[in-house]
1. Could you please find all residues in segment 70-116 being without any contact (Cβ under 8 Å) to a residue 12 or more places away in the chain and either within 22 Å of Gly41 (Cα to Cα) or touching a Gly at 6+ places or on another chain (Cβ under 8 Å) (or both)?
2. Restricting segment 136-195 to residues that are of a type in the set (Val, Ile, Thr) and under 30 Å from Ala299 (Cα atoms), which is nearest to the chain's Cα centre (by Cα)?
3. Scan segment 323-338 residue by residue and report those that are over 30 Å from Gln117 (Cβ atoms) and either open to solvent by less than 20 Å² (accessible area, probe 1.4 Å) or in contact (Cβ under 8 Å) with a residue 40 or more places away in the chain (or both).
4. Restricting to segment 298-322, give me the number of residues that are in contact with a Gly (Cβ under 8 Å, 6 or more places away or on another chain) and open to solvent by less than 50 Å² (accessible area, probe 1.4 Å).
5. Please count how many residues of segment 96-109 are part of a loop (DSSP other than H, G, I, E, B) and either open to solvent by less than 10 Å² (accessible area, probe 1.4 Å) or at pLDDT 95 or above (or both).
6. Only one of Asp326, Asp287 is in a strand (DSSP E or B), among the charged types (D, E, K, R) and either touching an Asp or Glu at 6+ places or on another chain (Cβ under 6 Å) or at pLDDT 95 or above (or both). Can you tell me which?
7. Restricting attention to segment 262-319, which residues are among the β-branched types (Val, Ile, Thr) and over 19 Å from Tyr46 (Cα atoms)?
8. If you go through segment 261-297 one residue at a time, how many are out of contact with any Pro (no Cβ under 9 Å at 6 or more places or on another chain) and either surrounded by fewer than 21 Cβ atoms within 10 Å (Cβ to Cβ) or without any contact (Cβ under 8 Å) to a residue 12 or more places away in the chain (or both)?
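The values are calculated or read from the model by the stated rules, or taken from the named source; none is laboratory data. It should be emphasised that the depicted structure is a prediction, and the values quoted were computed from it without experimental measurement. All Cβ positions, glycine included, derive from the backbone under ideal geometry; neighbour counts span all protein chains shown. Side chains are part of the model used for accessible areas, which takes the heavy atoms of the whole protein and leaves out ligands, DNA and RNA. Shrake-Rupley method; radii C 1.70, N 1.55, O 1.52, S 1.80 Å.
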Amino acid sequence: MTSSISIGRLGTVTALGVAAALSFTACASTSTPGSNSSGGGTTIGYAGSKLTDPFQIALTKATQDEASKQGVNLLPPTNANSDPAKQVSDVQTTLSKSPKALIVNPVDAKAIVPAIQKANNQKVPVVTVDQAPDSGNVAMIVRADNVAMGKQACEQMGKALSGQGTVLELQGDLSSANGRDRSTGFGDCMKSSFPGITVVSKPTNWEMDKATNAAQTLLSSSSVNGIFMASDFFVPGIQKVLQDLNRLQPAGSANHVTLVGIDGTSDALDMIRKGYQDATIAQPLNDYAKYSVKYANEAASGKTFSEGATDHGSTISKNSAGQLADSLPSPVVTKANVDDKTLWANQ
């Protein structure tokens, strides 16, 4: 890799994904103010982060579909194009249309705070999806339990290596909640459950070049038995490194490097099908859409929420900023269930 590609929290940019993004944006640009996905119900705004990877495209589409199912009038989703300042402007524009609630998929946890505070001042409840804002009053944060995702990845790795060996951990951005939580879940589990495994952690800031360079350096100079990828976005780069070193071997081969990731991208699923990747922990995209719309709709009617178990297999708890978060469970994907059509990358 000769250039640095930053992915934020997740995502693999493919030709199909870009084409879909362009198609979606073109359609969205023809929407008239106030047009919606359901034709009635409570009016809710949606401030998206970007439409340059398949996950974000699928999340936006799933949110529109859920709004229709739940009888919600979803305003045309905005696209911040990965620009935190544009997302703040998008929120301000959306608030001018008098929504009763707002769903935000933050580009940046810190930069989105002024926009949330503006919504607070206008008494418009806010639900964030996938990422928690650094501060601000939100009705609910809908995200995966990233600590649990890291632990699940650890368990898959530990079992595959029979509790012995050396693992390269390609961390995400440790300044982000998702990056920190995934690394914490993986590291704590390794220490407590698999003390015979040595973990070498390398920060990547979610950048492909940093991930591939770390893998190239370590695999060339020492014995590495497994690689944990904080995001499956790294799969294409890691695949090339392993090919160049003649280490891309299917599970069961003597030279196989155990690969476990998080996010469940289409590249990861393809690698699992071929036997080169052992497992991934997929993002619960459909639940993101379902429950972000549900919480926003309920908050718009004045409902408030509290800590405790939910009726959908998760737990609502307060984070370090005192915000309520519904931490959704995430499916483990192996060769046994890689073709499950409910997985977001198979949709």
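1. Scanning segment 70-116 gives a single hit, Ser96.
2. The initial filter retains those residues of segment 136-195 that are of a type in the set (Val, Ile, Thr), namely 138, 141-142, 147, 166-167, 184.
If we keep only those that are under 30 Å from Ala299 (Cα atoms) too, we end up with 138, 141-142, 147.
Details: Val138: 19, Ile141: 13, Val142: 11, Val147: 13 Å.
Applying the filter and picking the extreme gives Val142.
3. In the first step, residues of segment 323-338 are kept if they are over 30 Å from Gln117 (Cβ atoms); the result is 329-338.
Pro329, Ser330, Pro331, Val332, Val333, Thr334, Lys335, Val338, listed by residue number.
4. Looking only at that region, the number is 1.
5. Looking only at segment 96-109, we keep the residues that are part of a loop (DSSP other than H, G, I, E, B), and these are 96-100, 105-109.
Retained after the next criterion (residues that are either open to solvent by less than 10 Å² (accessible area, probe 1.4 Å) or at pLDDT 95 or above (or both)): 96-100, 105-106.
Adding up the residues that qualify gives 7.
6. Values: Asp287 fails: in a strand (DSSP E or B).
Step by step, each of Asp326, Asp287 is checked, and only Asp326 is in a strand (DSSP E or B), among the charged types (D, E, K, R) and either touching an Asp or Glu at 6+ places or on another chain (Cβ under 6 Å) or at pLDDT 95 or above (or both).
7. The initial filter retains those residues of segment 262-319 that are among the β-branched types (Val, Ile, Thr), namely 262, 265, 272, 280-281, 293, 304, 310, 315-316.
Result: Ile262, Thr265, Ile272, Thr280, Ile281, Thr304, Thr310, Thr315, Ile316.
8. So the count comes out to 5.
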